[in-house]
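**Q** My questions will all concern the structure given below.
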Ligand code: AP5
Ligand code: MG
Ligand code: ZN
């Protein structure tokens, strides 16, 4: 199964994708995570992406589609893909069609996380993750069971994203509205879109997504 998680910054794409990966053996393909890794490693793609990401703008379509192509090439045919944060523009949606065909895959669902934008700034400025394993947390909504200790790996160092500040979030949301939301009709015309209430608590959102996936199992 191959699915897209679509929604504005802070909608919960990464949170839900990592749960699906842990529970169902699907593979999370987050272009944001891939770009942050590229920035950290100082690769040519990372050097180009750094300032763009810090400003909250979109990195070029060619760079992100190449990252997705590379990752799909490493996956076994029986592993489902969860696209998290890709595609984000009409040209990326067209590239994804080509890449899926080239890798012998078809798209099963586009799951739109419907959220109230006013709540997203709070979600994003409160977000942090484990420096060792990357597990995501939130200051109020999703704290580690023991303060200062990662539930998953026991790590005690945490980090925050450079673009997680109130000002950059506004630019990221404007980019979503202008360039990403307009790709939904492409998938609506193919009857692939399912909507989930992304304002529900994290477990409820997971159950709602699982119900959609199990409907065609
Ligand atoms: P990316 O990393 O994709 O960031 P984003 O789209 O802005 O989305 P986020 O990761 O901020 O939000 P999320 O939906 O994953 O939410 P999360 O689950 O963490 O992209 C970053 C940048 O990279 C872009 O700005 C761009 O520059 C570049 N880029 C990436 N992909 C690109 C592409 N395809 N093309 C061009 N450029 C690209 O949840 C947020 C917080 O809320 C967490 O703390 C979580 O614990 C909490 N939370 C989650 N769900 C709930 C809930 N139901 N209730 C309460 N709290 C919740
Ligand atoms: Mg994310
Ligand atoms: Zn950890």
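**Q** Scan region 55-71 and tell me whether some residue there is farther than 28 Å from residue 193 by Cα and more than 16 Å from ligand 2 (Cβ to nearest atom).
**A** Initially, region 55-71 is screened for residues farther than 28 Å from residue 193 by Cα, giving 55.
If we keep only those that are more than 16 Å from ligand 2 (Cβ to nearest atom) too, we end up with 55.
Checked against the condition, which is being farther than 28 Å from residue 193 by Cα and more than 16 Å from ligand 2 (Cβ to nearest atom), region 55-71 yields at least one hit.
Condition check ((1) farther than 15 Å from residue 13 by Cβ; (2) near ligand 1 (Cβ under 10 Å from one of its atoms); (3) modelled with pLDDT under 95) across all residues:
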site	(1), (2), (3)
122	yes, yes, yes
137	yes, yes, yes
158	yes, no, no
183	no, no, no
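**Q** Looking at this structure, is residue 55 within 19 Å of residue 178 (Cβ to Cβ) and at pLDDT 95 or above?
**A** On the way: within 19 Å of residue 178 (Cβ to Cβ): yes; at pLDDT 95 or above: yes.
Here the answer is yes, as residue 55 does meet what is asked.
**Q** Only one of 56, 85 is touching a strand residue (DSSP E or B) at 6+ places or on another chain (Cβ under 8 Å) and within 23 Å of residue 166 (Cα to Cα); which?
**A** Details: 56 fails: touching a strand residue (DSSP E or B) at 6+ places or on another chain (Cβ under 8 Å).
Only one candidate passes the filter, namely 85.
**Q** Might you check whether a residue that is closer than 27 Å to residue 35 by Cα and either away from ligand 2 (no atom under 16 Å from the Cβ) or in a helix (DSSP H, G or I) (or both) occurs anywhere in region 207-214?
**A** Restricting attention to region 207-214, the residues satisfying the condition of being closer than 27 Å to residue 35 by Cα are 209.
Add one more test, that the residue is either away from ligand 2 (no atom under 16 Å from the Cβ) or in a helix (DSSP H, G or I) (or both), and what stays is 209.
Checked against the condition, which is being closer than 27 Å to residue 35 by Cα and either away from ligand 2 (no atom under 16 Å from the Cβ) or in a helix (DSSP H, G or I) (or both), region 207-214 yields at least one hit.
**Q** If a residue must be in contact with a helix residue (DSSP H, G or I) (Cβ under 6 Å, 6 or more places away or on another chain) and either within 16 Å of ligand 2 (Cβ to nearest atom) or farther than 16 Å from residue 175 by Cα (or both), how many such residues does region 73-89 contain? Working first, answer last.
**A** Initially, region 73-89 is screened for residues in contact with a helix residue (DSSP H, G or I) (Cβ under 6 Å, 6 or more places away or on another chain), giving 82, 84-89.
Still in the list and also either within 16 Å of ligand 2 (Cβ to nearest atom) or farther than 16 Å from residue 175 by Cα (or both): 82, 84-88.
Of the residues in region 73-89, 6 are in contact with a helix residue (DSSP H, G or I) (Cβ under 6 Å, 6 or more places away or on another chain) and either within 16 Å of ligand 2 (Cβ to nearest atom) or farther than 16 Å from residue 175 by Cα (or both).
Matching residues to (1) away from ligand 1 (no atom under 13 Å from the Cβ); (2) free of Cβ contacts under 8 Å to residues at least 40 places away in the same chain; (3) crowded, with 20+ Cβ neighbours inside 10 Å:
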{"residue": "8", "(1), (2), (3)": "no, no, yes"}
{"residue": "11", "(1), (2), (3)": "no, no, yes"}
{"residue": "18", "(1), (2), (3)": "no, no, no"}
{"residue": "22", "(1), (2), (3)": "yes, yes, no"}
{"residue": "29", "(1), (2), (3)": "no, no, yes"}
{"residue": "36", "(1), (2), (3)": "no, no, no"}
{"residue": "41", "(1), (2), (3)": "yes, yes, no"}
{"residue": "46", "(1), (2), (3)": "no, yes, no"}
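**Q** Which count do you get for residues in region 9-53 that are out of contact with any strand residue (DSSP E or B) (no Cβ under 8 Å at 6 or more places or on another chain) and assigned to a loop (DSSP other than H, G, I, E, B)?
**A** 4
**Q** Which number in (1) at pLDDT 95 or above; (2) away from ligand 1 (no atom under 13 Å from the Cβ) marks the one condition that residue 77 misses?
**A** (1)
**Q** Could you list, in sequence order, the residues of region 173-202 that are in contact with a helix residue (DSSP H, G or I) (Cβ under 9 Å, 6 or more places away or on another chain) and over 21 Å from residue 87 (Cα atoms)?
**A** Passing the criteria: 199, 200, 202.
The values are calculated or read from the model by the stated rules, or taken from the named source; none is laboratory data. Just so we're clear, the structure is a prediction, and the values are computed from it rather than from any experiment. Every residue, glycine as well, gets a Cβ built from its backbone with ideal geometry; the counts of neighbours run over all protein chains shown.
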